[in-house]
Each structure stands twice: as C-alpha cells, then as structure tokens.
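Asker: I am attaching a structure below and will ask some questions about it afterwards.
Each value in this text was obtained by applying a stated rule to the coordinates, not by laboratory testing. None of these values were measured; they are calculated from a predicted model. Glycine gets a Cβ as well: all are built from the backbone with ideal geometry, and neighbour counts include every protein chain shown.
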Amino acid sequence: MTTSLPTSTATTDSITPTAAKRSWAQTLKVYLEPPTLRMLLLGFAAGLPLLLVLGTLSFRLREAGIDRTTIGFLSWVGLAYGFKWVWSPLVDRMPIPLLTPWLGRRRSWLLLSQFVIIAGLVGMAVTNPQNDLQSMVWFAVAVAFGSATQDIALDAYRIESADVDRQAAMASAYMTGYRIAMIWAGAGVFWVAAFAEVAPAAQIAGAVATVAAKVVYQHSAWQTAYLVMAASMLLGVITVFWSPKPAERAFMPAKNAADWLKGALIEPFADFIRRYKWQAALILALIATYRISDVVMGIMANPFYVDMGYTKLEVANVTKVFGVIMTLVGAFIGGVLSMRFGVMRILMLGAILSAVSNLLFAWLGGRGHDLNALIWVISADNLSSGIASAAFIAYLSSLTNINYSATQYALFSSMMLLFPKFLAGYSGKYVDAFGYIDFFTATAMLGMPVLLLVWLAGRIKTPEKAI
C-alpha cells in the first residue's frame, strides 16, 4: 500500500515499539513524547484566531453599537477558511525565499502565517470600531487569511513529522490544543476584557445597573484583551523554532505551469467526479448544506446575547466554557454512535438535532435575560452540534481517495462553509427586519432539505478506495 509519508519522517525522539507490541504504559507514554507535545502547542496556535475574527468579534462590534446588518455582512471574513483549498497547492509546494532554506517548507509557512496572525490581532486591538470600522475589517481579513494558511501548513506538517503509528496520538494532541485555544479565545478574551474595564459599566453610565448599562463599550478593555490574544500566539512561534525540520518530500518536476496545475489541483477533483459520476452532485449538495442551520444561526448568537443583556462573564462561562465542554461530550457520543449504528444514521440524527436546537433559541428569545434558560439551551445546542460534527467528519473522510486525501479533504471541509457563510452574511439584515424569534425559527427550517439529502446520500454505494 502506498503512503504519503516518506520512510525517513520519524525523528529520533519519536522512536518507540510498534502499536502491536506496546504495553498500556508505553502507549500512554506517546502522549508525553516531544512530537506529541509540540502538536499540542501548535494545535493551540491553530485554534486561537478562529473565534477572534468570528464569534468574539461579533460580540465586540455589537457592544460598540455596530448595527446587526453590518455585523452579518462582516461575517464574510470567515469565507477565507472556505477558500483555503485554492491556495493550498501553493503552500504545499512553493518555497519562501530566505525562510525555507533555513526552516524547511512546512515550518517556514507556519512561521510566516503566525506573524500575519499576530500583526492582524495587534491591529484589531488598537483599532476602535466605533471610529474606524474599515481598518478593523482589513485586520480581521489578515487574521483569517493567516489562520487558514496556518491550517494548511500545519495539517501537512503533522502528517510528515511522525510515522503512521503515531498519527492518532498527534491528531488527538492537536485537537486538544485546538479546543483549549477556543476556550481561551472564546471565554478568556471575555474574562480579560471584563477585568480590564476601568469601572463597572453602571458607574460609567452614572445610573442604576440596567440592561443598557451592562453593554457600555470600553475600547481600552477590548484593546487589552486582543493584545493578550496576540501575545498568546507566541506559543506557536516558539514551538515552530523548537520543532525539528521534517524530511522534505520530493515532487516530480512539472513540465510547465499547466502540468503543475493539473497534478496539484485539477486531478484530485477530477478523481472524485470519476468515482461518483452523477451522484457527485448529490454528495456535494449535502456537503454544502449539512451545517447550514448552525452556521447561519451562529453569526447572530453573540449579538443576541448582547441585546438580551447577558454580561461578558455570563457569556464566557456559559457559552464559551460550558458550551465547548458539551460540544466535546457530543462529539464523543457521536463517534460512539457512528461506530455502533453507522455513519449515515447518525448523520441523519445530527441534522435533525441541529435544526430542532435552533428552535430552542427562538424560545429563549421570548424570555429575555434568563441565565438558567441560557444554560439549558446551550447544553442542548452544543451537544447536538458535537454529535453532528463527529458524524459529518467521518462521512467526509470516507469520501476521500487516499492518493489525494489532503486536497480532497480540504475541498470538502471548505465547501461545507462556503454557501452557509455566504447566506449568513444576510442574517443581520433578516434580524433587523423580522426579529430574533423569527430568525431562529427560519434557520431551523433551513435544515429541513438537508434531511432529504442525507436520505438520498445514504442510498449511494461508496466505491472502493484507491490504495
């Protein structure tokens, strides 16, 4: 069986007995080896920027008085993650002058992307959206572009820096670091901003604490919070210098630009069409719409919390910490159920739960500021999201050809965001016109066609994978 990993990729600090001969103690020891610990820190660097240009930013902008329609359109910044497959062949093969001869192709791209992220976060920190929203947008675009590029380089580095026997441990460490970063970028930034406020919002407003007083915008507090997030990215920079240079893959030289483009970009997509023929359109339609209910609703979640009078600490503790924990629980449950009952059945369950959980937000919208109700709604929503995500990732993985797994998976994972993110740009305009309750109900209805697509996709016979 062919593999994309060169035989010399295993470094001297990662040599241990094969999985078949390991004791439990030796197996667990893998998680304390330097390559695994490095992947934990690099996973943290990968997970940090995402919320800072999407969820957290929307809360900050709404607190600053930016209208919901504008916030909705600004969510299109996240389309950078949906188009990363376009430049992934460049990251895969193009060297960076000066940096690549010194650090190697993977580490040079990692370092460059991390510096772009840090610079963008600093720019977002010092820019007041009330005075200069345009600059804030461009800095957010830079962070998103740098983050998407870092994801491309890091996926390749993870695969090439360890043998096949350690890929599961590397992936586990990566996801752990990623989730820790999401808690820090989701809850941590709210904690820092809350404690950096000069005085309680009610005192600043010179009034008794009211819902309106709770959302007084303090730029200095958010500036401190985003500067702390920028400094946190230095963990990734240090890890890049700490990491060894993986063995470079040898590429067959292309005769010309067209030949290179065909091998790197066109052939992986043509392979998918050849294997599934006309059914490829059905599969791509399912991929493009499966998460539509969650993605469209999610853009207005943070403005909704602001308008309902929830404080930074309430949002941090309930939605960003407790919510992430419930997502992990849901992902575990989804993985177990998928192995027990099959991926397609749990894919259907996830689609149903994702739509129904949005109706709970419509119910919450009629209750006003109710912390206990928020806890229950977040529990159900994030549990549903975790189940759906686990099944969906398993489904996407089953579609790839091992000869083009990186490019095909990048295409699939990008496609699942493109249409939902584009549609989500109009979410603020819809809320301004019809209100939150109608909006959340409408996002639930968006999930109904997905049920039909899952049912039809479940009837497709999966072709044997190339090896």
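Asker: Would you mind calculating the gained length between Ser397 and Ala433 on full extension (0.36 nm times residue separation, minus the Cα-Cα distance), in nm to one decimal?
Answerer: Answer, rounded to one decimal: 9.0 nm.
Asker: Order 418-429, 381-392 from most to least packed using the mean count of other Cβ atoms within 10 Å.
Answerer: With the highest mean Cβ count within 10 Å placed first, the list reads 381-392, 418-429.
Asker: Given 37 °C and 0.692 mPa s, how large is the Stokes-Einstein diffusion coefficient of the stretch 256-467 in µm²/s, with Rh as the Kirkwood radius over Cα pairs?
Answerer: For these conditions, the coefficient is 178 µm²/s.
Asker: Now for a different question. Please list 39-50, 430-441 highest first by mean number of surrounding beta-carbon atoms within 10 Å per residue.
Answerer: Answer by packing, highest mean first, reads 39-50, 430-441.
Asker: Determine, from the Cβ-Cβ distance of Arg459 and Leu328 and an R0 of 25 Å, the FRET efficiency 1/(1 + (r/R0)^6), rounded to the nearest 0.05.
Answerer: E(calc), rounded to 0.05, equals 0.20.
Asker: Please compute the modelled spin-label separation between Val237 and Glu267, points set 7 Å along Cα→Cβ, answer in nm with one decimal.
Answerer: Distance between the two pseudo-spin positions: 3.9 nm.
Asker: Peptides 224-232, 266-274, 351-359: what's the order by average Cβ count within 10 Å, highest mean first?
Answerer: Sorting 224-232, 266-274, 351-359 by mean packing, highest first, produces 351-359, 224-232, 266-274.
Asker: Efficiency by 1/(1 + (r/R0)^6): what FRET value for Asn128 and Val356, r their Cβ-Cβ distance, R0 = 41 Å, to the nearest 0.05? Before the final figure, lay out each step's value.
Answerer: Working: r = 40 Å, r/R0 = 0.97.
That pair, Asn128 with Val356, gives E of 0.55.
Asker: In the structure shown, do any of Lys84/Lys320; Lys84/Lys262; Lys277/Lys429; Lys312/Lys429; Lys320/Lys429 have a Cα-Cα gap over 28 Å, and if so which?
Answerer: Distance filter (> 28 Å) returns Lys277/Lys429.
Asker: Count the net charge of all other residues whose Cβ sits under 15 Å from the Cβ of Val450, scoring Lys and Arg as +1 and Asp and Glu as -1.
Answerer: So the surrounding residues net to +1.
Asker: May I pose another question? So what J values fall out for the stretch 413-422 if you push phi through Karplus, 6.51 cos²θ - 1.76 cosθ + 1.60 with θ = phi - 60°, rounded to Hz, Gly and Pro as x?
Answerer: With coefficients 6.51, -1.76 and 1.60, one gets 5, 6, 4, 5, 9, 4, 5, x, 5, 5 Hz.
Asker: HN-Hα J couplings of the stretch 108-116 from phi, Karplus 6.51/-1.76/1.60, θ = phi - 60°, integer Hz, Gly and Pro as x?
Answerer: 5, 5, 4, 5, 4, 5, 5, 5, 5
Asker: Shifting gears a bit: Determine ³J(HN,Hα), in whole Hz, for all residues of the stretch 303-319 in sequence, where each value follows from phi through the Karplus function 6.51 cos²θ - 1.76 cosθ + 1.60 and θ = phi - 60°; x replaces Gly and Pro.
Answerer: Values per residue, Gly and Pro as x: x, 4, 4, 5, 5, 7, x, 6, 7, 4, 5, 5, 5, 4, 6, 8, 8 Hz.
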